[in-house]
Amino acid sequence: MSGSDLAEFRDTVRRWCRAHVPAEWRTTQTGATDAEFVAFQRDWFQQLRATGYAVPHWPREYGGGIPIPEQIVLYQELAAHDAPRLVLAFVAIHHAAATLLAAGTDEQKQRHLPAILDGELWVQGFSEPDAGSDLAALRTAARRDGGDYVVTGQKVWASGAQYADWCLLLARTDPDVPKRKGISYFLMDMRSPGIEVRPIRQATGESHFCEIFLDEVRIPAANLIGAENRGWQLAQQTLGAERGLTMLELAERLGNAGFRWLVEECRKPGPLGQRPVDDAQIADRLARLEIELAGLRALCRDLVERHDAGAVGPADASVVKLYYSELLQRMTDFGVEVCGLPGQAVLRKPMSGGWESGAWVLDFVGSWEWTVPGGSSEIQRTIIGERGLGLPREPAGA
Ligand SMILES: Cc1cc2nc3c(=O)[nH]c(=O)nc-3n(C[C@H](O)[C@H](O)[C@H](O)COP(=O)(O)OP(=O)(O)OC[C@H]3O[C@@H](n4cnc5c(N)ncnc54)[C@H](O)[C@@H]3O)c2cc1C
């Protein structure tokens, strides 16, 4: 696509954003009830869907097909207009779709992809109490019984399980082979008998994620995705869907709304009339953060473009995730410092956003979440060392 076509696309998205991004969403979503949050998210998803912007990364036949350069423009414009994020549908449109497209039967794809567009919600049921970083140690067991698998076990840290219709579930189908070779991947209906979901209350007051207890849950064999005992490889693909474009969106948002809040905070006069930004050290740190943000956005764009060209290195996504999560922490930490004591009094932040709300204490506490899911920072460093830099491998069992 030529530069002028891309500029025209940007204009179209800008006009759409001006007409559709709800101006007051940060106010109305602050202190929103669960029901208000879900209704708002569903409505916003359908608005984006109507114009093809909800799933631009999907194949054309399923309602996507927007080329990568336009997708980059789309996320830049949504961030620039401070649009709400599709937090509720996140797992459905990224993880579930990537898994179905990679390994789903035609029937599975036809059943679920259009339903996701109609609002079906998904949760990722991978982690267990003793299987997070060492995911292959999972113990939830599935045994074949006639036309079903019968599943018993426990999942934890399952984001959005309280809202989900379906679950991407990993379970052990063969306990007698090396641990990565005995795991299968299922599509589990969250309304099946034997499932109990318990939300976990977090330090921010939200219940972003849940425990899921599974007691003799029957999953039809037709809901196995990929081959039995071959779930591990597919799970790696699902996790890969967390990176790339989703990182680009987050980086753009941090560089837009996130940085804007920080600058505003630095310009606010304190009790004696002095503004933090007039302090040379503060101004210097602000400038450094802006440079780091530009670096993050460039890294993300590069990752997405190389992903499209099939040229992503084995540690590239880890570099971006590590850099994003640590920059987010430095920014929110700085926000807490600049806003001082009054900032400690802000105890509510809007739902439907990211980790940047301008409620600095909550943003800082929330920023720690990002250094854990999808592989903690320590694990990312190990990947960068071993696979990116070719350093000796971590001793097994360490
Ligand atoms: C906000 C959030 C959302 C999440 N959403 C989901 C979800 O939707 N679905 C889901 O299945 N899971 C989800 N998770 C779980 C997440 O994937 C796991 O928490 C993560 O993989 C880490 O596992 P763990 O909590 O068991 O920690 P552990 O593996 O016990 O690790 C504890 C600490 O030890 C370090 N460590 C462990 N092994 C090594 C090693 N070999 N070398 C160096 N350091 C090591 C870790 O880096 C970490 O700092 C979510 C977590 C969070 C915080």
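The values are calculated or read from the model by the stated rules, or taken from the named source; none is laboratory data. Just so it is clear, the model here is predicted, and its values are computed rather than measured. No Cβ is skipped: glycine too gets one built from the backbone with ideal geometry, and neighbour counts run over all protein chains shown. For the accessible areas, the whole protein counts, side chains as well, though only heavy atoms, and no ligand, DNA or RNA atoms are used. Shrake-Rupley method; radii C 1.70, N 1.55, O 1.52, S 1.80 Å.
A few comments on the model shown:
- Relative contact order %, the chain, counting alpha carbon pairs below 8 Å whose residues are six or more apart: 15 percent
- Reach of Lys179 by Cα under 28 Å, taken over lysines that are not fewer than 8 positions away in the same chain: Lys155, Lys321
- Amide H within-cut-off set for Asn229, under 5 Å, with H built and near neighbours excluded: Ser184, Tyr185
- Taking each DSSP H run with n ≥ 4 as -39500 (n - 2.57) and averaging over every residue of the chain yields -14000 deg cm²/dmol at 222 nm.
- Accessible carbon and sulfur surface of the range 68-181 relative to its total accessible area, %, 1.4 Å: 50 percent
- For Lys268, the lysines whose Cα falls under 28 Å of its own Cα, not counting residues fewer than eight places away in the same chain, are Lys349.
- Amide H contacts for Cys210 (H built 1.01 Å from N in the peptide plane; partners 5 or more residues away or on another chain; cut-off under 5 Å): Trp157, Ala158, Ser159, Gly160, Ala161, Ile200.
- Dipole moment magnitude, nearest 20 debye, the chain about Cα centre, only Lys, Arg, Asp, Glu C-beta charged: 120 debye
- About its Cα centre, the dipole of the range 23-120 is roughly 140 debye, where the only charges are +1 on Lys and Arg Cβ and -1 on Asp and Glu Cβ.
- Trypsin sites (Lys or Arg not before Pro) restricted to the range 151-236 and DSSP loop, no more than 15 other C-beta within 10 Å: Arg191, Arg201
- Of the DSSP H helices in the chain, those whose Cα atoms cover at least 30 Å axially and whose Kyte score averages -1.0 or more: 280-308, 316-344
- When the Gaussian network model of the chain links Cα atoms closer than 10 Å, the mean-square fluctuations of Ala35, Ala141, Ala164 top out at Ala35.
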